[in-house]
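Student: Below you'll find the structure I mean.
Any read-out appearing in this document is the output of simple, stated calculations on the displayed coordinates, not a laboratory observation. All values reported here derive from a predicted model rather than from experimental measurement. Counting neighbours? That spans all protein chains shown, and the Cβs are built from the backbone with ideal geometry, glycine included.
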Amino acid sequence: MSALKIYTYANCDTCRRAVKWLRAHEVAFDEHPIRETAPTLPELRTMLAAYSGESRRLFNTSGGNYREQKLGSKLPTMTETAALGLLASNGNLVKRPFLLGGKVALVGFDEKAWAAALLKE
């Protein structure tokens, strides 16, 4: 498998656990700071497809930026283009860690889901 691309935030415990897990399982990856370099629109579209078009699953719903912009009430009526544009323009809004590569597209860190997607039996 080619190297995975993972977007993380340095102060995020979940991101640190995910990176530690990848290293422990010797999974090759390239790490990118999500606040400085948000995922691109094509990457966001790939992730959105992996989550059956549920744009809310790509948002960091517990983040301050999400609450400040009152996105909880705006997302249900927002177009896909508008939602992805917000995510691409503000890495703080993106759920993390955000992992893409090959046939893998995962947001958040769920050890069982990551093992199923990344580890060969």
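Student: Could you size up the charge dipole of the range 4-118 around its Cα centre, putting +1 on the beta carbon of Lys and Arg and -1 on that of Asp and Glu, and report it in debye to the nearest 20?
Tutor: Taking the Cα centre of the range 4-118 as origin, the dipole is about 220 debye.
Student: Based on DSSP H runs of at least 4 residues, each adding -39500 (n - 2.57), what is the mean residue ellipticity at 222 nm of the chain after dividing by all its residues, to the nearest 500 deg cm²/dmol?
Tutor: Theoretical 222 nm ellipticity from helices: -11000 deg cm²/dmol.
Student: Which label belongs to the value computed from this structure, given these candidates for Cα Rg over 2.2 N^0.38 Å: (i) 0.95; (ii) 1.82; (iii) 1.03?
Tutor: Only one option fits the structure, namely (iii).
Student: Follow-up question, since we're still on this one. So what is the relative contact order for the chain, in percent, with contacts set as C-alpha pairs under 8 Å and at least six apart?
Tutor: Here the relative contact order equals 35 percent.
Student: Along the charge dipole of the chain, which of 116, 91, 29 sits closest to the positive end, that is, farthest toward it, with unit charges on the beta carbon of Lys, Arg, Asp and Glu (+1, +1, -1, -1)?
Tutor: Positive-end residue among those listed: 91.
Student: Sequence-distant or interchain residues sharing an amide H contact under 5 Å with residue 59, placed H: which?
Tutor: It is 95, by chain and number.
Student: Can you list residues whose amide H is under 5 Å from residue 8's amide H, if they're 5+ apart or on another chain and H is modeled 1.01 Å from N?
Tutor: Amide H neighbours of residue 8, under 5 Å, 5+ apart: 32, 34.
Student: Working out 0.36 nm times the residue gap between residue 62 and residue 119, then minus their Cα-Cα distance, what length gain in nm do you get to one decimal?
Tutor: Contour length minus the Cα-Cα distance gives 17.6 nm.
Student: Distance from the Cα centre of the range 69-99 to that of the range 1-47, in angstrom?
Tutor: For the range 69-99 versus the range 1-47, the Cα centre distance is 18 Å.
Student: A further question on this structure: Place a label point 7 angstrom from the Cα of residue 20 along the Cα-to-Cβ direction, then list the residues of the range 72-115 whose backbone nitrogen is under 16 Å away.
Tutor: Residues passing the 16 Å test: 97, 109-112.
Student: Next question. Each residue of the range 84-101 in turn: what ³J(HN,Hα) in whole Hz from Karplus with 6.51, -1.76, 1.60 and θ = phi - 60°, glycine and Pro shown as x?
Tutor: 5, x, 4, 5, 5, 8, 8, x, 5, 7, 7, 5, 10, x, 10, 10, 9, x
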